[in-house]
């Protein structure tokens, strides 16, 4: 919670000395995965496609520099399958998040590139299991106890690049790396971690573009 308060306070302070000149919205696709580490061994499933959409604002802090906070719905997940004794077992995880990145961007003639911190909150999700004959679904439980699946809060780093056309339409690509250990349970140790990552491709529109 202290991290969230610090994040909001920093954003508020910076925004006070910046000038907002653009609002917009965007949407697109995500390719995500979760990576776990147990006793020094890295493991991950297969990447999973999802979607994202959100709103943003551009705060000008100089001729070629912008602070861009946004609020996004982001779908993440992973999937895997194994064949044992002729039976193929499949499992997939889909998680839905509210994500708030704040990117510090360099902007020049429509091109932009930059990075910044992000915070994310898991709000829903579903496990799907199949053995070729039987299928079952299970709701993802967020929390920090042994009965939960994942922790909800994730602090991350976001990188962003793209191009804005003169009519306000823009295309962007981002990569987000989660830094928080999302593994739930009191038995979780420093040698047992679970972290998120995803890449996104977005198409958006700025309502009051100032491109010449």
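We did not get these values from a lab; they are worked out from the coordinates using the rules stated. In this text the structure is predicted, and so the values were computed from the model without any measurement. Don't worry about glycine lacking a Cβ; one is built from the backbone with ideal geometry, like all the others, and counts go over all protein chains shown.
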Theoretical gain in end-to-end length, residue 80 to residue 201 [0.36 nm per residue, Cα-Cα removed]: 41.2 nm
Residue 165-residue 89 pseudo-label distance in nm [points 7 Å out on the Cα-to-Cβ vector]: 4.9 nm
Per-pair calculated FRET efficiency, R0 = 25 Å: residue 49 and residue 130 via Cβ, rounded to 0.05: 0.90
FRET efficiency estimate (nearest 0.05) - Cβ-Cβ, residue 177 to residue 61, R0 25 angstrom: 0.50
Mean Cβ count within 10 Å, highest first, over the residues of peptides 124-134, 28-38, 162-172: 28-38, 162-172, 124-134
Mean-position separation - Cα centroids, the range 58-105 and the range 140-172, in angstrom: 4 Å
Length-normalised contact order of the range 98-177 in % [C-alpha pairs under 8 Å, at least 6 apart]: 29 percent
